[in-house]
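What follows draws every value from the coordinates through simple rules; no lab data is involved. These numbers come from a predicted model, not from an experiment. Reconstructed Cβ throughout: ideal geometry from the backbone, glycine too, with neighbour counts over all protein chains shown.
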């Protein structure tokens, strides 16, 4: 039986664990320690010791993670087990936003920004903003994900509040991501899109284009939904210009990628991030790739370095993913009501991440969604109709 090491909490990997068991694969979930850049020579020893400490010292046939913070660990462990691995330096450059922006090839595709230490004072930070950037600006943790701690501000009062929240998210992520810096960048007005695909033998193969909803203008930037369709190479050329240049510069290969973009009203393309993983904790890519292309991304992950991998796929339908968050932090209640509403609208898959009685956080400090529903649609218009209806549904919480 194939032995798979999946990096992350088992509670976050339930879909993947269930898939592995259905396919007679044994999976061990493991939360690895953070790795510091100045300790690279000790990385293998640190991870080996951590595995031994939890009784998982055996050799594994495959290592996987859908979490940005564990991507470097994936490839260090693969090398430890004698498996084909990506370049850890390339992976680090794509999983820390400050490192990503410092790659020269990104210069034509990002807005002006500052990178400040986490302990910078509000006054010092504001002075640098006034001297270097135009308002509005967006604050974000360099090691963040799920849009946690990402906040738009238009004046100094809002800036001071946002800085406190962004610092808080940096601290929450320290255990799995290590130290963090605070990014402050000029706000980009425009529609938000993302692209999922693979880099195989140096060739970029984009597969899906996602359009995010509602329009994200701040102050927070957590999208509720995305409408997905097979990637059109001709229409998607503006995205490919940035992807080709940046992926070649960092040396990413034999890897999935998830890239996020903004397109301004004058059609200028900005890249927000480029991650070396499939999207949405594995779940988004799994179900949207299946709906739109009939592709099993969990199976693709096992075949990335084999001749069995084929990505010549028929284009099928439109996919809609809707992620439910809460408006107010509190104890979750009546989640079954939301599940029933999704079924009423014809959801093809519903994944419940949290249960009644659990305390959940609201954006912008939320680190995960509460419920995810996927819909198979024959047209974008139908997907938008379902989205509009789901926007009227509210997940209820009560004060703890």
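Quick rundown of the values:
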item: R0 of 35 Å, Cβ-Cβ distance residue 105-residue 311: FRET efficiency to nearest 0.05; result: 0.90
item: Long-range Cα-Cα pairs in the range 192-316 (distance over 17 Å), rounded percent; result: 56 percent
item: Highest-fluctuation residue, 89, 154, 266 considered, GNM on the chain with Cα pairs under 10 Å; result: 266
item: Three semi-axes of the equivalent ellipsoid, the range 54-95, Cα gyration tensor, whole Å, largest first; result: 19, 12, 8
item: GNM flexibility winner over the chain from 202, 55, 149 (Cα, springs under 10 Å); result: 55
item: Solvent-free Debye scattering, log10 I(q)/I(0), computed from the Cα coordinates of the chain at q = 0.07, 0.10, 0.11, 0.14 Å⁻¹; result: -0.31, -0.67, -0.83, -1.43
item: Within the chain, helix-based [θ] at 222 nm, where runs of 4 or more DSSP H residues each add -39,500 (n - 2.57), nearest 500; result: -9500 deg cm²/dmol
item: For peptides 90-102, 332-344, sequence by mean Cβ density within 10 Å, most packed first; result: 90-102, 332-344
item: Reciprocal of mean inverse Cα separation for the range 318-400 (Kirkwood radius, Å); result: 13.1 Å
item: Taking only Cα atoms of the range 112-186, radius of gyration then Dmax in Å; result: 11.3, 34
item: DSSP beta bridges in the chain [antiparallel fraction, %, rounded to 5]; result: 90 percent
